[in-house]
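A short worksheet on the structure shown next.
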Amino acid sequence: MAERVRLDFGHDGVATITLCHPPLNIYDLEMRDGLIEAITAVRDVPDVRCVVLVAEGKHFSVGADLSEFGTAEGIFDARRIRWDRDPWLPLLNLPVPTLCSLHGYALGSGLEMSLLCDLRIASADAVLGLPETKLGMLPAAGGTQSLTAAIGPAAALPMVLSGRNINAAEAHRLGIIAEVVPTDDLDSRTAELAGQLARIGQPFARALRRCLRAANDLPLTEGLAVEQRCARLVATGSEAQAQTP
């Protein structure tokens, strides 16, 4: 596995993916490939019931390595790299609950990868933002979509347009993160919450996540229909059906 990323499997059904490029955990092609490899490995292990995304060092991630921009031989090569070596959809489509633990700076693609997880918690010192606009770029690692899905267009629009950073307290108020904890307690609280998520049965967790995502993805009437189907499948105890409602 690439040196930028480490994958650990716990005996409690929790798999931990760690960004290992401190102090800034800059997201480069090597980290991208490491994330793809780790996410693929997690997906193929049936005993995993929760995935946790964390980072070593002072900061979660300050985002992409700008020095790699423009280094592809041409625009078609750049697009091919962007889409063929993209960990974002595999992360979003993992079949188990995902938790991201943020600390220090979580900027650009650092924040964007966390937004593709089901839950985010952060230490009190965390700083979040999508600064791409100030650099004349789009937050195109899913940020325009995932942030809007998380907090709605009215709250996402000013944050994206201004490119400003926000602290953990404001991120919690907006609904970007579910919980703010003292910096020294972040690791223990992350482990505690991951254990709670891992204790949810896999078919039940899949059905819950399907219902919740339907609320964002579908009109209300269709979302209610998904909820009813999932409830019936869970009630019958049919694992194979509950995994594909």
Query - Scan of the stretch 213-227 for residues that are in a helix (DSSP H, G or I), out of contact with any Gly (no Cβ under 6 Å at 6 or more places or on another chain) and of a type outside the set (Val, Ile, Thr), ordered by number - result: Arg213, Asn216, Asp217, Leu220, Glu222, Gly223, Leu224, Ala225, Glu227
Query raised in the report: Given the conditions (1) touching a residue at least 24 places away in the same chain (Cβ under 8 Å); (2) more than 16 Å from Arg49 (Cα to Cα); (3) not in a loop (DSSP other than H, G, I, E, B), which single one is not true for Arg210?
Result: (2)
Requested in this report: Go through the stretch 105-206 and tell me which strands (runs of 3 or more DSSP E), entirely inside it, have 1 or more residues that are within 30 Å of Ala231 (Cα to Cα) and under 13 Å from the mean Cα position of the chain (by Cα).
Outcome: 119-123
Requested in this report: Could you tell me whether any residue of the stretch 168-189 is modelled with pLDDT under 95, among the aliphatic types (A, V, I, L, M) and open to solvent by 60 Å² or more (accessible area, probe 1.4 Å)?
Outcome: no
Query raised in the report: Mind checking whether some residue in the stretch 5-26 is at pLDDT below 90, among the charged types (D, E, K, R), outside any strand (DSSP E or B) and open to solvent by 50 Å² or more (accessible area, probe 1.4 Å)?
Result: no
Report task. List every residue pair whose Cβ atoms sit under 9 Å apart, with the two residues 6 or more apart in sequence or on different chains, where the first one lies in the stretch 226-245 and is open to solvent by less than 60 Å² (accessible area, probe 1.4 Å) and the second, anywhere, is aromatic (Phe, Trp, Tyr) and at pLDDT below 90. Result -> Val234/Phe204; Ala242/Phe204
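The values are calculated or read from the model by the stated rules, or taken from the named source; none is laboratory data. Since we're looking at a predicted model, the values are computed, not measured. Cβ sites come from the backbone with ideal geometry, for glycine too, and all protein chains shown count toward neighbours. Accessible surface is based on the protein model in full, side chains and every heavy atom, while ligands, DNA and RNA are left aside. Shrake-Rupley method; radii C 1.70, N 1.55, O 1.52, S 1.80 Å.
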